[in-house]
1. Just to be sure, is residue 134 surrounded by fewer than 16 Cβ atoms within 10 Å (Cβ to Cβ), farther than 18 Å from residue 195 by Cβ and of a type outside the set (A, V, I, L, M)?
2. Counting only residues that are in a helix (DSSP H, G or I) and out of contact with any Leu (no Cβ under 9 Å at 6 or more places or on another chain), which one in region 77-97 is most open to solvent (accessible area, probe 1.4 Å)?
3. Mind checking which residues of region 112-124 are of a type outside the set (A, V, I, L, M, F, W, C) and in a helix (DSSP H, G or I)?
4. Show the residue pairs meeting these rules: Cβ distance below 7 Å; 6+ apart or different chains; first residue within region 170-184 and open to solvent by less than 70 Å² (accessible area, probe 1.4 Å); second residue among the hydroxyl-bearing types (Ser, Thr, Tyr) and assigned to a loop (DSSP other than H, G, I, E, B).
5. Within region 192-213, take every residue that is open to solvent by less than 30 Å² (accessible area, probe 1.4 Å) and in contact with an Asp or Glu (Cβ under 7 Å, 6 or more places away or on another chain) and give me the one that is modelled with the lowest pLDDT.
6. Would you point out which residue out of 167, 161 is acidic (Asp, Glu), out of contact with any Cys (no Cβ under 8 Å at 6 or more places or on another chain) and within 21 Å of residue 205 (Cβ to Cβ)?
Amino acid sequence: MKRPIRLMAAALTASAALLLTACGSGGGDGDSSDKIEGADDGGKPKASASAEPGGAKRPGVQLPSTFKADFVSWHNSDPKKQAILDDGKERLKAEYLAIIDADPQAKPLSFYTSMQALKSSQKYVKGYVDTDDSLVGSVRVFNPQVSLSDAGGVLFYCVDESKGYTENRKTKKRAGTPEDTDPVLQYRTTLRKTSDGVWSTVSLETERGGCDK
């Protein structure tokens, strides 16, 4: 996809810096690929609701058949770390859906994102709205690295956008990652657990390179 490099946070926490050194060593349990629910459904993208006992009512995010995201080895044997993976996954899906729906104020996005990360993400989505572009194709999300500290959680992961494209809504013209640009980005995010038990992303940055395909 034709995406600018986003540097959305001046720095990460100390635990994030430590986690960066572990990138590439593997962090998820299992080898299965977990595709987004609803990815094979045609028509307009939609959101459904789901809830955990005693927890917040989470908006489930479904992407259209024209854009798919494969989450590879998105599993961890530690339930607390798995919770971070789950909400981090939904946040990324919500951002993609907001772009496809041309809605920077989309509720799923603000549900899973807050503070600096929300402002940056909404600005990023608006960039697509201003150019009247959507997303098509597919991306692969892999190599999740997650850690916990007293301050919250840290989640790093890689996104391969080599098969993802922007598509102008009027002209239908598509644009992908330029040939001289690395199509793989590393996402570095920090999260805080809300009173409702949701792991909300509060800061994030992306950088091209640093991930093995």
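1. For residue 134, the condition - surrounded by fewer than 16 Cβ atoms within 10 Å (Cβ to Cβ), farther than 18 Å from residue 195 by Cβ and of a type outside the set (A, V, I, L, M) - is not met.
2. Only one residue tops the list, namely 79.
3. Passing the criteria: 112, 116, 119, 120, 121, 122, 123, 124.
4. Here the result reads 177/162; 183/162; 183/177, each pair linking region 170-184 to a residue that is among the hydroxyl-bearing types (Ser, Thr, Tyr) and assigned to a loop (DSSP other than H, G, I, E, B).
5. Top of the filtered list is 209.
6. Numbers: 167 fails: within 21 Å of residue 205 (Cβ to Cβ).
Just one listed residue meets the conditions, 161.
The values are calculated or read from the model by the stated rules, or taken from the named source; none is laboratory data. These numbers were taken from a predicted model, which means no experiment stands behind them. A quick note on method: Cβ atoms are made from the backbone with ideal geometry, for glycine too, and the neighbour counts reach across all protein chains shown. In case anyone asks, the SASA skips ligands and DNA or RNA and just uses the protein heavy atoms, side chains included. Shrake-Rupley method; radii C 1.70, N 1.55, O 1.52, S 1.80 Å.
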